[in-house]
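The values are calculated or read from the model by the stated rules, or taken from the named source; none is laboratory data. Note that the structure is predicted; figures quoted are calculated from it, not measured. Heads up, the Cβs are rebuilt from the backbone with ideal geometry, glycines too, and the neighbour counts pull from every protein chain shown.
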Amino acid sequence: MSTALSVHAATESEGPVAAVIASLPVSFAPHPATPASAAPDVTAVAGHAGWTRRAAEAILAGSRAVVVTAPAAEDPQALAVVAEENGAAVVLDQRWAGSPALAPSHDAARAVVTEALEDAVLLDSVAICAPGEDPLTLMADHLAAVLQSGVDLDGLKVVQRSSSGYTLAGKLPNGAPAALQGIATASVPAAATISILTSTGRTDITLPDPSAAWPAEVRSVTASGSTTLPTIYESAHRRSWRRVRRLLSTGRPSTDLQHFAALFSLLTRLNS
Amino acid sequence: MSSQPQTALPPLGVGILGAGPVTQAIHLPSLARLRGTLEVRHVMDVDPQVAESVAARVGARFSTTVEDLLADPAVDIVAVCSPHQFHAAQVIAACRAGKKAVLCEKPFAMNGEEAAAISAVSAETGVPIVVGAMHTFDPAWLAAEAAWGDLPGQVHTVRSSIVLPPNPRFEDFATEIVGRVPLPSRDSTGPEAIGAMLTGGVMGLAIHDLPLVRRFAPDFASVEVLHADTVRPFGYLISLRAGSVTIELRAAMNSTWEPAWTFEAIGNDASLCLDFTPSYVHAGSATARIRRAGTTTVLGPFGHNGYEGEWREIAAIARGTGSAPSADTLLHDLEFALAIAGGEAPAPAREESLA
């Protein structure tokens, strides 16, 4: 029987983190907050501005892993160096890219996306956030989800942006047009959709807000009919925590910061 | 809603200019459900065999000239369902013939001069003109309009997304088409072909929803094309801005069996989403959803679509119990469409790759 990893969460994310680790009671346990106790195995860090510094501090204080919830667009290079030097894992808990539906191990979802991309005529993706949210954060989460779904984009450009959202346009590798639109509204829950239209059908991925375990939906339409993949009632948060547990168990390195660095570089250029 | 309105008045006579698939698959089935209110009495088409065959279905006379149809005293209402380039001249001729009303398929003109001439003739003759923007007559749209409250004032984003198979798939569910002309092969390469596809997409497909878009874009006259691209085999991806409103238009006519026709108007606190049924199939109205945080109001679906709705409306107008849309509304709808179709997207900027 494996030992539960101790978890410490900053006050600001204490509630949500407690709820998630309570659903993984064999894997994790709250860190005993006594002056004599050692550093927690895993530290949960909120992703608002300064998260890379706070995560590095947690690693330097002895945590073996850090889980960053909703990381804002921030250069992760210095953190990556600290993590590597200390052999620590950093897992980024992104609201849509972290969905189990987009997991590399979800072979069925990968297959329908790959098949659709081979015959794509249009990619249309929409991400929704609450008004007042930083549009750059939405754009980062949106791009991360599209990338995580297995889509490559060329020639990406900003078509328009305002406090109410943005539109990005580019091309898929086969030359088909692609558009990513961010929209701020409180009328519906935050969610992201990725629709790949093909010459005979489409594939749609709907990624819910991770504040509840609403399942993502992956649906494929071909000439022979439509298929909805089995739903997974697990939030992106819970999957992130399962991921950090697995990384620490296997000793494999996390590639999250590497991907985030590429994303940050793209965001910087798009917004310069 | 019942699809058979009650009336004691004799039916109004309808004459149809152009007897192609839209007339056969959309208008005749719609009018068949309004028997007692409207009656097709004359069908004109330049192809005499098509004219005769289509007219015979409804026991109407047929002819091959506009003049013959307009001279028929049994025709009270003229429906202009001919190719786009003939619309303006035929609408003007119908007004001058002193008919009770004219229904013209969209677009009712192809440039501002034609539109101004139509407006002048309508004002001079007093003949009301209705443009067949069917979604503006859809019962779900009308129900949403009655229920959306402060939505228009807060909308900052409008999306229209149309995914349809080629028309024949749905035409054949509605009727047995005669005289179908094979679809021309489309060249989608080269600047001219791309420009033609975008113009055709706007004037032939996007135009169905542009009156709805304009409802949420008070600064429609300032519309700018920010980005435009084509979708193969036919379609478009167009980004617009009109004042403070972002407008995104998407369309793909591929070989899918699953249509998806969605219109969305989104504000900070409320949004409207309409899922329309495809044209041709007579599958009832759209379903409208008005959403506010934590609540969704669903309106529809109702038993008839916007095509039947526009015929109901024009019958009421011809009888004097309904009000014709203002000339300004029709003109502004057309100007909006022409501005988008003729707009040039700026050169790409800040291109980056994400792979």
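For the range B:259-290, a residue qualifies if it is at the interface with chain A (Cβ under 9 Å from one of its Cβ atoms) and farther than 13 Å from B:VAL155 by Cβ, and exactly one does: B:ALA260. Just one residue in the set A:ALA97, A:ALA145, A:ALA120 is within 14 Å of another protein chain (Cβ to nearest Cβ), touching a Phe, Trp or Tyr at 6+ places or on another chain (Cβ under 7 Å) and closer than 30 Å to A:PRO230 by Cβ; that residue is A:ALA145.
For every residue, the table says whether it meets (1) of a type in the set (Phe, Trp, Tyr); (2) more than 16 Å from A:VAL7 (Cα to Cα); (3) over 20 Å from the mean Cα position of the chain (by Cα).
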site	(1), (2), (3)
A:THR52	no, yes, no
A:ALA58	no, no, yes
A:SER63	no, no, yes
A:ASP75	no, yes, no
A:ALA80	no, yes, no
A:LEU92	no, no, no
A:GLY98	no, yes, no
A:ALA108	no, yes, no
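Restricting attention to the range A:172-221, the residues that are facing chain B (nearest Cβ under 10 Å), in contact (Cβ under 8 Å) with a residue 60 or more places away in the chain and not in a loop (DSSP other than H, G, I, E, B) total 4. Being surrounded by fewer than 24 Cβ atoms within 10 Å (Cβ to Cβ), more than 22 Å from B:PHE137 (Cα to Cα) and in contact with a Ser or Thr (Cβ under 6 Å, 6 or more places away or on another chain), is that true of even one residue in the range B:25-33? No, there is no match, as no residue in the range B:25-33 is surrounded by fewer than 24 Cβ atoms within 10 Å (Cβ to Cβ), more than 22 Å from B:PHE137 (Cα to Cα) and in contact with a Ser or Thr (Cβ under 6 Å, 6 or more places away or on another chain).
If we scan the range B:304-315, do we find a residue that is part of a loop (DSSP other than H, G, I, E, B) and away from chain A (no Cβ under 14 Å)? Yes, because at least one residue in the range B:304-315 is part of a loop (DSSP other than H, G, I, E, B) and away from chain A (no Cβ under 14 Å).
Within the range A:25-40, if we keep just the residues that are in contact with a His (Cβ under 9 Å, 6 or more places away or on another chain) and at pLDDT 90 or above, the residue that is nearest to A:VAL66 (Cα to Cα) turns out to be A:PRO40. Cβ-Cβ distances below 8 Å connect the following pairs, each with a first residue in the range B:312-329 that is free of Cβ contacts under 8 Å to residues at least 40 places away in the same chain, a second residue that is surrounded by 15 or more Cβ atoms within 10 Å (Cβ to Cβ) and assigned to a loop (DSSP other than H, G, I, E, B), and a separation of six or more residues or different chains: B:ALA316/B:GLY322.
A single member of B:VAL281, B:VAL245, B:VAL225 is among the aliphatic types (A, V, I, L, M) and at pLDDT below 95, and it is B:VAL281. Within the range A:9-30, residues that are in the same structural domain as A:LEU247 (by TED's automatic domain parsing) and under 9 Å from A:ALA46 (Cβ atoms) have Cβ atoms under 9 Å from residues that are crowded, with 16+ Cβ neighbours inside 10 Å and modelled with pLDDT under 90 in these pairs: A:ALA9/A:PRO16, counting only partners at least 6 apart in sequence or on another chain.
Among the residues of the range A:140-156, some residue qualifies, meaning at least one is part of a strand (DSSP E or B) and in contact with an Asp or Glu (Cβ under 6 Å, 6 or more places away or on another chain).
With the requirement that a residue be surrounded by fewer than 19 Cβ atoms within 10 Å (Cβ to Cβ) and either touching a Phe, Trp or Tyr at 6+ places or on another chain (Cβ under 8 Å) or assigned to a strand (DSSP E or B) (or both), what does the range B:137-171 give you? Scanning the range B:137-171 gives B:PRO152, B:PRO165, B:ASN167, B:ARG169.
For the range B:36-47, state whether one or more residues are over 24 Å from the mean Cα position of the chain (by Cα), farther than 24 Å from B:LEU9 by Cβ and at pLDDT 95 or above. Within the range B:36-47 (the criterion being over 24 Å from the mean Cα position of the chain (by Cα), farther than 24 Å from B:LEU9 by Cβ and at pLDDT 95 or above), the answer is yes, since at least one residue qualifies. So A:LEU122 fits all but one of (1) assigned to a strand (DSSP E or B); (2) of a type outside the set (Val, Ile, Thr); (3) modelled with pLDDT under 95; what number is the exception? Status for A:LEU122: all satisfied but (3).
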